[in-house]
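A.B. asks: This is the structure I want to talk about, given as structure tokens.
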Amino acid sequence: MPDEIINRVANSKLITIDLEDFYPEGKRVLFDIKDWLFEGFVLREKDFRTQVAEFDWSQYQDNYVALTCSSNAIIPGWAYMLLSIQLEPYAKKVIVGDLENLETSIYQDIINNLNVIDYKDKPIIIKGCSNKPVPKNAYIMLSAKLQPLAKSIMYGEACSSVPLFKKK
């Protein structure tokens with residue numbers, strides 16, 4: 001009988017972390033205030049406040065919202081604050097920026113709250129491919145959080161990983 005095939009990866013202490021597993025459900029929305037500006041460039045406070053007061057914010061229930069202005073208008077900080085206050089009862093998270101900034105902020109919260117004590121002195125592979133929009137910054141944040149604890153950090157898959165860090 002030929003030698004039995006042994007799955008050394010399955011028998012190793014190697015731990016794979018897939019950031020896609022932490023991807024929270026919820027629609028991501030880019031809220032552009034350009035259309036609420038006079039001629040797309042001037043924020044008139046009275047008109048802006050009226051639009052904010054009359055808008056149905058409940059449509060953003062359980063959404064992640066990125067506030068932006070796609071025109072070159074100068075938007076005062078209070079305008080974004082006013083919008084975020086209206087969104088707060090409904091949205092899971094509100095930021096100023098684009099959808100990539102939003103995903104980075106979501107993952108920053110997740111990684112900051114991640115309990116990594118189980119990864120102490122273990123070889124870690126951070127899985128690289130995902131079907132969900134995991135931001136590149138999430139990989140950097142995760143590796144920075146794991147580095148003080150992990151025995152080693154690799155990137156990719158067990159069959160073709162790239163070594164990044166090894167504790168000396």
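What follows draws every value from the coordinates through simple rules; no lab data is involved. Remember, it's a predicted structure, so these values are computed and weren't measured experimentally. All Cβ positions, even for glycine, are placed from backbone atoms using ideal geometry, and neighbour counts span all protein chains on display.
A.B. asks: Summing -39500 (n - 2.57) over the DSSP H runs of n ≥ 4 in the chain and dividing by its residue number, what mean residue ellipticity at 222 nm do you reach, to the nearest 500 deg cm²/dmol?
C.D. replies: So the helix-based figure for the chain works out to -8500 deg cm²/dmol.
A.B. asks: Round to the nearest 0.05 the FRET efficiency obtained for SER160 and ASP32 when R0 = 41 Å and r is the Cβ-Cβ distance.
C.D. replies: After rounding, the FRET efficiency stands at 0.50.
A.B. asks: Which ³J(HN,Hα) values in Hz, rounded to whole numbers, follow from the phi angles of the range 134-145 under the Karplus curve 6.51 cos²θ - 1.76 cosθ + 1.60, where θ = phi - 60° and Gly and Pro get x?
C.D. replies: 6, x, 4, 4, 5, 5, 5, 5, 5, 5, 5, 6
A.B. asks: Also: Find the percent of Cα-Cα distances in the range 55-152 that exceed 19 Å, and round it to a whole number.
C.D. replies: 55
A.B. asks: Suppose a student asked you for the relative contact order of the chain, using Cα pairs under 8 Å spaced at least 6 residues apart; what percent would you report?
C.D. replies: 24
A.B. asks: Also, quick follow-up: Enumerate the amide H contacts of ASP18 below 5 Å, restricted to partners 5 or more residues apart or on another chain; note that Pro and chain-start residues carry no placed amide H.
C.D. replies: Sorted by chain and number, the residues that satisfy this are LYS127.
A.B. asks: Taking the Cα centre as origin and putting +1 on Lys and Arg beta-carbons and -1 on Asp and Glu beta-carbons, what dipole magnitude results for the range 1-143, to the nearest 20 debye?
C.D. replies: 300
A.B. asks: Still on this structure, I have one more. Just to check I understand the Karplus step: with θ = phi - 60° and J = 6.51 cos²θ - 1.76 cosθ + 1.60, what whole-Hz values come out for the range 44-56, glycine and proline as x?
C.D. replies: Once θ is set to phi - 60°, the couplings for the range 44-56 become 9, 4, 4, 5, 4, 4, 5, 4, 5, 5, 8, 7, 8 Hz.
A.B. asks: How far is helix 99-112 tilted off the main Cα axis of the chain, in degrees rounded to 10, range 0 to 90?
C.D. replies: Once rounded, the angle reads 50 degrees.
A.B. asks: Shifting gears a bit: For ARG44 and CYS129 in one chain, what is 0.36 nm times their gap in residues minus the Cα-Cα distance, to one decimal in nm?
C.D. replies: Gain on stretching ARG44 to CYS129: 26.0 nm.
A.B. asks: Additional query: Work out how far the C-alpha atoms of the range 13-87 reach from end to end along every principal axis, then list the three figures in whole Å, largest first.
C.D. replies: 62, 27, 17
A.B. asks: As I understand it, the value is the acute angle between the Cα axis of helix 77-87 and the longest principal axis of the Cα atoms of the chain; what does it come to in degrees, rounded to 10?
C.D. replies: Long axis of 77-87 versus the principal axis of the chain: about 70 degrees.
A.B. asks: Moving on to the next point. Report the dimensions of the range 1-132 along its three principal axes from the alpha-carbon atoms, largest first, rounded to Å.
C.D. replies: For the range 1-132, the Cα extents along the three principal axes come out at 83, 26, 24 Å.
A.B. asks: Could I ask something else about it? For all pairs of alpha-carbon atoms in the range 110-168, what percent lies in each bin of width 10 Å, listed from the first bin to the last filled one?
C.D. replies: 22, 56, 22, 0
A.B. asks: Going down the table (LYS13/LYS145; LYS13/LYS93; LYS27/LYS151), which pairs top 27 Å between alpha carbons?
C.D. replies: From LYS13/LYS145; LYS13/LYS93; LYS27/LYS151, over 27 Å: LYS13/LYS93; LYS27/LYS151.
A.B. asks: Find out how many positive minus negative residues lie around ASP121, taking Lys and Arg as positive, Asp and Glu as negative, among other residues whose Cβ is under 11 Å from that of ASP121.
C.D. replies: +4
A.B. asks: Amide H neighbours of TYR155 under 5 Å, at least 5 residues apart or on other chains, H built in the peptide plane: list them.
C.D. replies: Counting only residues 5 or more places away or on other chains, the set is ILE126, VAL162, LEU164.
A.B. asks: Still on this structure, please answer the following. Around LYS93, which amide H atoms from residues at least 5 apart in sequence, or from another chain, sit under 5 Å from its own amide H, with H modelled in the peptide plane?
C.D. replies: VAL65
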